[in-house]
Structures are given as C-alpha cells and as structure tokens.
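Visitor: Below you'll find the structure I mean.
Please treat every number below as a calculation from the coordinates, not as lab data. Just so you know, these numbers come straight off a predicted model, no measurement behind them. Quick reminder, even Gly has a Cβ in these numbers, built from the backbone with ideal geometry, and neighbours come from all protein chains shown.
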Amino acid sequence: MFLSIFEIFKIGIGPSSSHTMGPMIAASRFVNELREVITHGHHKEARLFIRVTLYGSLAFTGRGHKTDRAVILGLLGFLPHSIDPDTANQREQELLRSGEIHLPGLPPLMFHADRDLIFDYGPPLPAHPNGLVLQALTDDGQNLLTRTFFSIGGGFVLSAEDIEQESQRDTASFGDQKRALGCPYPFGTAAEMLEMGDKAHLRIADMKRANEIATGTADLDSRIDTLWSAMDACINRGLQQDGILPGGLQVRRRAPGIYRQLIAERGTNQQQPHTINDWIAVYAMAVNEENAAGGRVVTAPTNGAAGVIPAVIRYYRDHCSGATDDGIRDFLLTAAAVGGLIKHNASISGAEVGCQGEVGSASAMAAAGLCAALGGSNAQIENAAEIALEHHLGMTCDPAKGLVQVPCIERNGLGAIKAVSAASLALRGDGHHFMPLDNCIETMRQTGIDMNEKYKETANGGLAVNLPSC
C-alpha cells in the first residue's frame, strides 16, 4: 500500500501512538460499525452491553499507556486528531459515573470500565502483539457484533479482515502496490529508490512529492507546514512546562530547566563545544515530556519516538546556516520516504520489534531528512539513514511501569544526536558504503523476530524490572 507523508506523520495525543491513539481509533470504528448494524439490520434493542478485551502488550502496559482511557474516549466517539481535552474529560467522567454511553443512531450502550474493560495477560492474539476485541451484547447475552482490531504502531489500526488482506497483498511487492496506485516513482526498497532517482535525475524529496501529488494529495506544502507547526509548538510547550509527569514514577520534567541553563550560558565562556548536543537533546526531551503528559504530539513515526525528528528539524532551523522553509519540507518528505520503507519491510512497532523500530526508525528518518535539507545526494541520504539505524539495532522496548518516560524521554534525545552525527558522517563521504540500508532494515526485522517477548513493550524485562530500590 502507498504510505503518504500524512500517514507516517499524524497529529494526535500522548502518551502512545500504538497504545493510546490506536485503541481510541479502534473503539471509534467499532461504534460506527455498530451504528451501521443497528441502522441496516432493523434491530430494536432497548440497550446494548459493551465489552472490550485487551491482549498482549496492550494488556501488559495498557494502564501505563492510558489504553483504558483511550478505549473509553473512542467509545464516546472521540478521535486523536480532533479531540478537545476539556470536553473529553467531562464526557469521560459522566460515563464513569453512569456506566452509559448515549450516541446518535444507537440505543444506550452500557459500559462499566472496571467490569467491562478486561486486561488479558495470557498469550497475545496471533496476528500482532497489540490486539483488542470489542463486543456488543444484547440484554439476553446474544452477540450482536464482535470486532477484532490490531494497533500496529504509529497510530495505524487494522481489523482482523485487514490483516488477512494485507497478508494476501504481501505476495506483491511494495513497489507493485504503489505502481497500481499510479505512483510515478513506485520504489519499495532503498535500492529501487536510488535507481529511480538516478534515472530521473531527481532527489528523494522530489520523487516523494510527485507520488503524493499523483495519489491525490492536495495543498501539499500547506499541509506539510501544518505538521511542522504542530511539532514546533510541541517543543515550545515542553520547554515551558515544569512539574512532575503523571503515572506514579515521580519523573520530573527536565527540559525547561536544561533550556534555561542553555539560554543563560549563551555568549559566555561556560559554553563548551559539545553543548550543541544538549540543545538537540533538550528539543527532543521537551516533546517526549509533553507526550508523557498526554499532550498534543505528531507521530514521527510513533509517539514513543516523537521527539527525534522535531528536535533535528529545530536544530536545522535554529543552528544550521542556510536553513529554509523549503529545506524543512524536503526534510519531512525525505524522512517519510525512508519511514515508509522501514514500516513496510520491517516494523515501527515497539511491541513487534522493540525500540529499534521506534527510536531507531525515527533516527534513521531524521538522519535522512537532515542530510537532504543540507544538500546531500540521494546516495548520501541513504547512507545517513543506514548509519543511524545500524547503531540502534537490538534496542529493547522496556518502559518502566509501562509508562513512556524511562528510558523513552532521554532515548529520544540520544536518537536525535545520533541522527545529526549520522547525517554529518554521510555528508563527509561520497555515498559509497559497506552496508546497504535495505540490509539494515531486514536485519532489524530479523532481530525483532528473535527478540524475547519480555523486551518488546511488555514491561516484563530490561530496565522495566531493574528499577531503583529506593
């Protein structure tokens, strides 16, 4: 399938694209499908009972990721990109008090979260580690509708039927699928991307732009600017908000304090050459502290890795000579092209391949984007992405208490720093290198398959179980 830049980058809310945004979207889809069943099936139910069961990683880390709240908001009809926090909080409290959902075109839906939202800590559903099953039952216990959904990372949601269709489509290459959609540059691998760029004498950003326009994307530059504005606003909020993050770990927001120190040191002899790393890191940490607090963020490509790309763009805009708005657009188009290759040929889901698929992918995308914005050739861009991804291989997803805080916030800072270093190294060369990006992506996929489940967003291994004793 063709992955638009606006599928890779989606405006939503924290703390998790797979555990918050995805379940909210799935629950909202279920309510809409239930309305269709009622409307066209001529059912005259006086009321219906809703039951939701979370499986796999959604169960193990769901409470820390606010999956329970996300399901409630989805059943109430909210969606991540348009949610109004004040209205959502009011409606959520009403549901928790009454146990009833009232929506147009539906009978009253009875839902008591403490009873009807079930965390199943057994084996995950076979198709994906992030599964949830939603049921609508009649007064006498008859099943009116059952739907199974999978939150596959980055806010992408597939039904069981979608998964089956995807497996059938996998017999065709990514490039064949894009060609069928009319993409003029239907690259499905990095090698194809480089070959097409050479033949057409086009940059990766230009080919991605042409694909977006050919598949019906209108107002492309304006919509890209909206994405960057949302990312930049998230950085700015995170640099101003002090306090303790929710969830019980008592993690203090650090970005505002670091930012104030950096501002105070400007133009003084206290500033060391390596201080630029602190600027890069503080931009990323600001985003991920906002994400941990449930704020408005952009999947890049996931919420858990949402700070890397905005931080590197902010570094480009505020610290690099010659930065332009067109450079930011090229950055995001190039990053999306690389992210699409990674998602299709491996995964961006921490529950599926560990954090190498989240921060590792984000770092590769950011390295490619920065290299493009700084005038790198296609070969140098591919090299930059490979360097960044290669040095995240094997990284586990082990969030303490299932919260997107430790080690996730600092990990985004280091992912951003690695991305800048990778782009710089690639620009020092001519694009020729030993390990192709495609091979690195395949290595990540294989590593994810081999990785023990306790290191894949279950909070059952790694740093998540080796907590301070005090």
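Visitor: Rounded, prolate or oblate: which fits region 189-464, taking a ≥ b ≥ c as square roots of the Cα gyration tensor eigenvalues, rounded meaning a/c under 1.5, else prolate when a/b beats b/c?
Guide: oblate
Visitor: Mind listing the long-range amide H neighbours of residue 159? Cut-off is under 5 Å, sequence gap 5 or more, other chains count too, H placed in the peptide plane at 1.01 Å from N.
Guide: 150
Visitor: With a Förster radius of 30 Å, plug the Cβ-Cβ distance of residue 218 and residue 119 into 1/(1 + (r/R0)^6) and report the FRET value to the nearest 0.05.
Guide: Efficiency at R0 = 30 Å is approximately 0.10.
Visitor: Name the residue farthest towards the positive end of the dipole of the chain from the options 427, 385, 397, assuming +1 on Cβ of Lys and Arg, -1 on Cβ of Asp and Glu, about the Cα centre.
Guide: Of the listed residues, the answer is 397.
Visitor: Count the net charge of all other residues whose Cβ sits under 14 Å from the Cβ of residue 384, scoring Lys and Arg as +1 and Asp and Glu as -1.
Guide: -2
Visitor: Cα gyration tensor of region 263-320, axes a ≥ b ≥ c as square roots of the eigenvalues: rounded (a/c below 1.5), prolate (a/b > b/c) or oblate?
Guide: prolate
Visitor: Something else: Below 28 Å, Cα to Cα, which lysines can residue 343 reach? Residues fewer than 8 away in the same chain don't count.
Guide: 10, 66, 178, 199, 208, 401, 418, 454, 456
Visitor: Give me the distance in nm between label points sitting 7 Å out from Cα along the Cα-to-Cβ direction at residue 191 and residue 318, one decimal.
Guide: Going from the residue 191 label point to the residue 318 one covers 4.2 nm.
Visitor: First check a/c for region 53-143, with a ≥ b ≥ c the square roots of the eigenvalues of its C-alpha gyration tensor; if it is under 1.5, answer rounded, and if not, answer prolate when a/b is larger than b/c or oblate otherwise.
Guide: Oblate, since a/c reaches 1.5 and b/c is not below a/b.
Visitor: Could you tell me which residue out of 365, 40, 246 lies farthest along the dipole of the chain toward its positive end? Charges go on the beta carbon: Lys and Arg +1, Asp and Glu -1, centred on the Cα centre.
Guide: Checking the options against the dipole of the chain, the answer is 246.
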